[in-house]
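Notes follow once the structure below has been shown.
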Amino acid sequence: MTTFEIKQMRPAETEEAAEVLSHAMLRNPINVAVYQGESENERQQIENAFLALLRDRPEDLIMAKQGSQIVGVCRSYICRGDRFISQEVQELLDTRNPKLSSFKDRHNYWVGCWARYDPSIVHRHLGPIGVLPEYQNLGVGTLLMERYCRLVDEHKLPAYLETDTLTNVSFYRKFGFNIIDEVEILEAMNYFMWREIQE
């Protein structure tokens with residue numbers, strides 16, 4: 001039987017974690033729309049984006065390991081409910097038919113759209129969470145979510161996440177999340193999910 005260990009991530013493991021997430025999410029609809037492909041070049045771009053994200057907000061990074069290999073990663077942080085959208089991104093969002101031909105514009109539009117839906121009350125925000133494709137459907141994601149939900153419940157906070165696949169929606173519902181809104185971004189449906197404080 002395959003066993004996985006859930007641990008706190010160490011700073012030295014950040015690069016490997018970003019690589020895991022890039023493989024896990026390479027074919028997600030919103031990433032395909034933003035990065036315009038599923039090749040090694042796009043995977044490397046996604047890895048670089050995740051690396052910056054993990055370094056910028058290292059709070060509560062946990063990982064699933066099999067031996068010395070990281071096979072899954074989960075990041076969460078306490079969001080104070082203060083939606084920050086830069087002026088540049090806000091102008092893009094306010095444009096009736098924005099031109100999104102460049103990667104920068106597509107990325108800013110996506111991130112800005114997600115920021116608009118971020119709840120305005122304190123919550124624990126989940127994301128990203130991902131498991132290497134070859135380790136999916138083996139219970140790794142469940143172990144990461146169970147640890148995340150324990151953390152949320154210990155602090156008596158509601159929880160929030162975004163996802164772009166119905167398969168993920170069904171998965172998150174098992175942990176008490178429900179869709180509170182949905183929107184099409186770059187022709188990909190995005191679902192915003194909320195989990196009330198658990199008694």
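What follows draws every value from the coordinates through simple rules; no lab data is involved. Keep in mind that this is a model prediction, so the values were computed, not measured. Ideal geometry is used to build each Cβ from the backbone, glycine not excepted, and the neighbour counts take in all protein chains shown.
The requirement of being touching a Pro at 6+ places or on another chain (Cβ under 7 Å), touching a residue at least 24 places away in the same chain (Cβ under 8 Å) and more than 21 Å from Tyr109 (Cβ to Cβ) is not satisfied by Gly72.
Return a yes/no flag: does the stretch 92-103 have any residue that is on the phi > 0 side of the Ramachandran plot and not hydroxyl-bearing (Ser, Thr, Tyr). No, that holds for no residue. Has the stretch 129-141 got any residue that is buried (at least 16 other Cβ atoms within 10 Å of the Cβ) and in contact with a Pro (Cβ under 7 Å, 6 or more places away or on another chain)? Within the stretch 129-141 (the criterion being buried (at least 16 other Cβ atoms within 10 Å of the Cβ) and in contact with a Pro (Cβ under 7 Å, 6 or more places away or on another chain)), the answer is no, since none of the residues qualifies. Among the residues of the stretch 1-24, those identified as more than 15 Å from Ala52 (Cβ to Cβ), in contact (Cβ under 8 Å) with a residue 60 or more places away in the chain and hydrophobic (A, V, I, L, M, F, W, C) are Phe4, Ile6, Met9, Val20, Ala24. Note on the stretch 106-133: residues that are free of Cβ contacts under 8 Å to residues at least 40 places away in the same chain, among the hydrophobic types (A, V, I, L, M, F, W, C) and over 15 Å from Ile46 (Cα atoms) total 1. Is it the case that some residue within the stretch 117-124 is part of a helix (DSSP H, G or I), more than 18 Å from Ile30 (Cα to Cα) and among the aromatic types (Phe, Trp, Tyr)? Taking every residue of the stretch 117-124 in turn, none turns out to be part of a helix (DSSP H, G or I), more than 18 Å from Ile30 (Cα to Cα) and among the aromatic types (Phe, Trp, Tyr).
Tally time: how many residues in the stretch 141-189 are in a helix (DSSP H, G or I) and basic (Lys, Arg)? Total meeting the criteria: 3.
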